[in-house]
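Below you'll find the structure, written out as structure tokens, and then a few comments.
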Amino acid sequence: MNDIKVGLLGFGTIGAGVAKLLLANAEHIKGKLGTNLVLKRIADLDITTDRGVAVPEGVLTTRADDVLTDPEISVVIELIGGYEPAKSFVLKAIENGKHVVTANKALLALHGQEIFAAAARKNVEVLFEASVGGGIPVLSAIRGNMAANNFSTVFGILNGTCNYILTKMTEEGADFAPALKKAQELGYAEADPTFDIEGVDTAHKLSLLLSLCFGTRVTFSDIYCEGVSSLTATDISFAKEFGYRIKLLAIGKLDEGRIEARVHPTMIPQNSPLSDVNGAFNAIRFTGDFIGPVMFYGRGAGMDATASAVIGDVMDIGRNLLAGIGRRTAPLGYLDESMRTLTIKPMAEIVSKYYLRFSAVDQPGALAKIAGALGDAGISIESMIQTGRSTGDAVPVVIMTHEAGEGAVQKALAVIDASDIVTEKTHLIRIEESLD
Ligand code: HSE
């Protein structure tokens, strides 16, 4: 049996992990495929920096075309990241009849439709398991063994960098900046870490999950997105006091034909399995109509785990090549004619419980005015804490609400924040109790 030749675009952290895995587990992979998976070329602008992998001579090149136009290469792995030149290279690989494996969630969240359509025309695979949940085989499970289910909810901790930072802040009282620096050193963060901390990376991943789960095209701009950069140690400590942990949660719900699609810091009960997902680990919890609740857990970032997902995809394509068949499953798992058009529920219409932390002026009647504004908007208070006097001009007042509409909450906060009873903008964190 002929070897399967693979070309790699991008020799960064994950690219080095892929090369390392292919060299280290070559015999193991051959034992499963029945043939060698050979990394024929690696293209990167920088081919001199030592990545700690002994790549055979003649493999490295600075020209992407050495990968894209090599007739022997049947699978192109794109690990450049970002939009360009990754998009042009992926489209060129497809045009040249090559199958594509990518970890590029940003590219697919924005340009997936164009790329998938090109792949359909050429009857080639585009697989992207590594783009969501690092090494966790979640996309292939949705397309594969869970395909018979209708899904109703998806909850995910999908960004290793944020989860690492929040874990350090919660467990060790660490400050935000050094925790981020450490996550970058460990190779978890994106080239631009604002994508991690502002929730953008999580929203990219959620758009892919929702497209696969609900059979509709959800793109990045459909998703409400708030990151973790404005979270404070004070909020983390209040969360503990109320029996919650704060996670950057991706939330997808199908509700009477409309989709809730949002990413934001979320308080979840301390005793829920998702609250125990720590460090760079990710977890995704689904509810399907026949499978019921199911949760995937594993390493969501880092070179080795992500390389595992990349090579799993390559092996999948390799099996098709060896069997002499083209692609068997559409990238989103749905036939084009079965895709649905579902609308996204506006944020103002979502219903949630809320944690609200006011910086109230320390004067008689301030609390009554806050409660009054909430009451006027129809928001009912579940519990409240006012801690001792602060040294500044304000005291923290924390109110946990019963379920309320986001529109009403924002209306009440607009009134309160514009008044002279608070000294700064109110901190709002949504609470998710049931996770079903
Ligand atoms: N920057 C991403 C994260 C890498 O921190 O999760 C994995 O997609």
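Identify, from the list Leu45, Leu22, the residue that is touching a residue at least 24 places away in the same chain (Cβ under 8 Å) and either of a type in the set (A, V, I, L, M) or not in a loop (DSSP other than H, G, I, E, B) (or both).
Numbers: Leu45 fails: touching a residue at least 24 places away in the same chain (Cβ under 8 Å).
Result of the check over Leu45, Leu22: Leu22.
For the stretch 336-354, which residues satisfy the criterion of being touching a strand residue (DSSP E or B) at 6+ places or on another chain (Cβ under 8 Å), surrounded by 10 or more Cβ atoms within 10 Å (Cβ to Cβ) and farther than 12 Å from Glu406 by Cα?
Met339, Arg340, Leu342, Thr343, Ile344
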Quiz prompt | In the stretch 192-206, residue nearest to the ligand (Cβ to nearest atom) [restricted to those that are touching a Leu at 6+ places or on another chain (Cβ under 9 Å) and under 13 Å from Ser229 (Cα atoms)] | solution = Asp196
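Looking at the structure I just gave you, is Val395 modelled with pLDDT of 95 or more and surrounded by 15 or more Cβ atoms within 10 Å (Cβ to Cβ)? It would help to see each step written out before you state the result.
Values: modelled with pLDDT of 95 or more: no; surrounded by 15 or more Cβ atoms within 10 Å (Cβ to Cβ): yes.
So Val395 does not fit the description; no.
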Practice problem: Would you point out the residue of the stretch 140-176, among those that are more than 16 Å from the ligand (Cβ to nearest atom), in a helix (DSSP H, G or I) and farther than 20 Å from Leu206 by Cβ, that is farthest from the chain's Cα centre (by Cα)? | Solution: Glu172
Quiz item: In the stretch 76-111, which residues are part of a helix (DSSP H, G or I) and more than 16 Å from the ligand (Cβ to nearest atom)?
Solution: Lys87, Ser88, Phe89, Val90, Leu91, Lys92, Ala93, Ile94, Glu95, His111
Quiz item: Is there a residue in the stretch 221-234 that is crowded, with 18+ Cβ neighbours inside 10 Å, more than 16 Å from the ligand (Cβ to nearest atom) and either of a type in the set (Gly, Ala, Ser) or in a strand (DSSP E or B) (or both)?
Solution: yes
Practice problem: Could you tell me whether any residue of the stretch 93-114 is in the same structural domain as Leu21 (by TED's automatic domain parsing), surrounded by fewer than 22 Cβ atoms within 10 Å (Cβ to Cβ), touching a residue at least 60 places away in the same chain (Cβ under 8 Å) and more than 21 Å from Ile197 (Cα to Cα)? | Solution: yes
Practice problem: For the stretch 414-435, state whether one or more residues are surrounded by fewer than 19 Cβ atoms within 10 Å (Cβ to Cβ), closer than 20 Å to Phe242 by Cα and of a type in the set (Ser, Thr, Tyr). | Solution: yes
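I'm checking my understanding of the structure. Among residues of the stretch 177-191 that are surrounded by fewer than 21 Cβ atoms within 10 Å (Cβ to Cβ) and more than 10 Å from the ligand (Cβ to nearest atom), which one is farthest from Ile246 (Cα to Cα)?
Restricting attention to the stretch 177-191, the residues satisfying the condition of being surrounded by fewer than 21 Cβ atoms within 10 Å (Cβ to Cβ) are 177-179, 181-182, 184-187, 190-191.
From what's left, more than 10 Å from the ligand (Cβ to nearest atom): 177-179, 181-182, 185.
On the way: Ala177: 18, Pro178: 19, Ala179: 16, Lys181: 20, Lys182: 20, Glu185: 24 Å.
In this case the residue turns out to be Glu185.
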Quiz item: Of all residues in the stretch 121-139, which are within 16 Å of the ligand (Cβ to nearest atom) and not in a loop (DSSP other than H, G, I, E, B)?
Solution: Leu127, Glu129, Ala130, Ser131, Val138, Leu139
Quiz item: Can you find a residue in the stretch 293-302 that is away from the ligand (no atom under 16 Å from the Cβ) and hydrophobic (A, V, I, L, M, F, W, C)?
Solution: yes
Self-check item: Hits in the stretch 265-279 (condition: buried (at least 22 other Cβ atoms within 10 Å of the Cβ) and closer than 15 Å to Gly156 by Cβ)
Solution: Pro265, Thr266, Ile268, Val277
Quiz item: Which of (1) in contact with a Lys or Arg (Cβ under 9 Å, 6 or more places away or on another chain); (2) of a type in the set (A, V, I, L, M); (3) under 30 Å from Ile291 (Cβ atoms); (4) surrounded by fewer than 19 Cβ atoms within 10 Å (Cβ to Cβ) does Ala174 not meet, given it meets every other one?
Solution: (3)
Practice problem: Keeping to the stretch 251-261, report how many residues are surrounded by 16 or more Cβ atoms within 10 Å (Cβ to Cβ) and within 15 Å of Leu342 (Cα to Cα). | Solution: 6
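Given the criteria exposed (fewer than 13 other Cβ atoms within 10 Å of the Cβ), over 30 Å from the mean Cα position of the chain (by Cα) and either among the aliphatic types (A, V, I, L, M) or in the same structural domain as Leu210 (by TED's automatic domain parsing) (or both), does Ala377 qualify?
Working: exposed (fewer than 13 other Cβ atoms within 10 Å of the Cβ): no; over 30 Å from the mean Cα position of the chain (by Cα): yes; either among the aliphatic types (A, V, I, L, M) or in the same structural domain as Leu210 (by TED's automatic domain parsing) (or both): yes.
Answer is no for this residue.
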Quiz item: Among the numbered criteria (1) at pLDDT below 95; (2) within 19 Å of Ile236 (Cβ to Cβ); (3) of a type outside the set (Phe, Trp, Tyr), which single criterion is violated by Arg357?
Solution: (1)
Self-check item: Number of the exception - Met315 against (1) in a helix (DSSP H, G or I); (2) within 16 Å of the ligand (Cβ to nearest atom); (3) surrounded by fewer than 21 Cβ atoms within 10 Å (Cβ to Cβ)
Solution: (2)
Quiz item: Residues of the stretch 1-33 being small (Gly, Ala, Ser) and in contact with a helix residue (DSSP H, G or I) (Cβ under 7 Å, 6 or more places away or on another chain), which ones?
Solution: Gly7, Ala16, Gly17
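The values are calculated or read from the model by the stated rules, or taken from the named source; none is laboratory data. Just so you know, these numbers come straight off a predicted model, no measurement behind them. For neighbour counting, all protein chains shown are included, and Cβ atoms are generated from backbone atoms with ideal geometry for every residue, glycine included.
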